[in-house]
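The values are calculated or read from the model by the stated rules, or taken from the named source; none is laboratory data. From a predicted model like this one, the values you see are computed outputs, not experimental measurements. For neighbour counting, all protein chains shown are included, and Cβ atoms are generated from backbone atoms with ideal geometry for every residue, glycine included. Side chains included, ligands, DNA and RNA excluded: accessible areas come from the protein's heavy atoms. Shrake-Rupley method; radii C 1.70, N 1.55, O 1.52, S 1.80 Å.
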Amino acid sequence: MTDPVTAWHRLAGDTVLLDGFHALKHALRFGAEVPVAVTADRAAALALADELAPDVQDVLAGLLSEVPHETYASFVPRPHPTAVAALAVRPSRSSGLAKLAAEPRRTPVVVLDNPRNLGNAGAVIRLAAGFGATGVVTTGTVDPWHPTVVRGGAGLHFATTVERLAVDELPPGPLFALDPEGDDIRGVKLPDDAVLAFGSERTGLSAELRARADHLLSLPMRPQVSSYNLATSVAMTLYHWSLGAPASL
C-alpha cells in the first residue's frame, strides 16, 4: 500500500483538493476518482459517515488513512472541523466542454461573468448542483476549480460541469442576463436550454456579455435595496426556472 503522505506530495500539484468530510462525501457520490484521502481522526470520520453518508461509508473505510494532525494540517489552507482532506482527479476539459455543448439540453447553464469572490462562486456551484443544472461557466481570471471555490461548493463540482470560458465561447442556447434594467423575471418562462448569466458582485455584467444577451431580466427587489448576494440571485433565478420544469429532481 502506498504511503498516504508520499502519495499526497506526489499528486498535490495536479489534483483537486477536497477540504473536509462533506466535500469528500459529495465527490465520491458523484463519481470522482479519489486516489488519496487522509484524516487526523479515522474513527470520528467513519462515525460521521455512518450518521450522514452510509451510502459511501464502505468506500471511505477503504480509502481513509489516519495521519498525525500536524501532517493533515500541513495539507490544507486551514484545518476543517472534520479533519478530513482528499485529492481528486479533475474531470477532463474535453469532457466538460462536450457536456456543455450537447443538445438538446434539459437544464440551464449558469454563467458567472468575471466573478471576484471565490466563496460566492463555490456557493453558486453548490446551488447549480442541487438544481441539476447542466453546468457552471465562469468568464474572466478566477479559476472555478480553485481550492477555495471547491470548499465553498462542498465538493459538488463533481455533480455538475464546471469550466472557464471566454464570452464568445459560451454554450449554445438563449442567453438570459440578469440586470436591474431588464424585464421582470416573473413575466418570463425560462426554457430548459437557457444560458443564465450573472454579473460580477461589484461591476455587474461586462459590456461584452451584455451585447451578446438575447434577453435582460431583473429580479423583484424592494426600492432602495441595492442588490442581492450573487448566490441568492442565482438561487432565485434557478427556482423560477424550476417552477416550469418537470418535477424530476
Within the range 106-151, the residues that are open to solvent by less than 40 Å² (accessible area, probe 1.4 Å), more than 20 Å from residue 25 (Cβ to Cβ), out of contact with any Leu (no Cβ under 8 Å at 6 or more places or on another chain) and part of a helix (DSSP H, G or I) are none
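Being in contact (Cβ under 8 Å) with a residue 24 or more places away in the chain, closer than 30 Å to residue 88 by Cβ and touching a Pro at 6+ places or on another chain (Cβ under 9 Å) narrows it down to one residue among 219, 170, 196; which is it? Step through it out loud before you land on a result.
Values: 219 fails: closer than 30 Å to residue 88 by Cβ; 170 fails: touching a Pro at 6+ places or on another chain (Cβ under 9 Å).
Exactly one of 219, 170, 196 is in contact (Cβ under 8 Å) with a residue 24 or more places away in the chain, closer than 30 Å to residue 88 by Cβ and touching a Pro at 6+ places or on another chain (Cβ under 9 Å), namely 196.
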Would you please name the residue that is nearest to the chain's Cα centre (by Cα), looking only at residues in the range 18-44 that are surrounded by fewer than 22 Cβ atoms within 10 Å (Cβ to Cβ), of a type in the set (A, V, I, L, M, F, W, C) and not in a loop (DSSP other than H, G, I, E, B)? 44
In the range 85-94, which residue that is touching a residue at least 12 places away in the same chain (Cβ under 8 Å) and within 30 Å of residue 49 (Cα to Cα) is most open to solvent (accessible area, probe 1.4 Å)? 90
From the option list 71, 82, single residue qualifying as in contact with a His (Cβ under 9 Å, 6 or more places away or on another chain), surrounded by 14 or more Cβ atoms within 10 Å (Cβ to Cβ) and not in a strand (DSSP E or B) is 82
With in contact (Cβ under 8 Å) with a residue 12 or more places away in the chain, among the hydroxyl-bearing types (Ser, Thr, Tyr) and under 25 Å from residue 119 (Cα atoms) as the only criterion, which of 203, 232 stands out? 203
Selection status of residue 136, at pLDDT 95 or above and not hydroxyl-bearing (Ser, Thr, Tyr): yes
Restricting to strands (runs of 3 or more DSSP E) lying wholly in the range 152-249: which have 2 or more residues that are surrounded by fewer than 19 Cβ atoms within 10 Å (Cβ to Cβ)? 175-184, 215-218
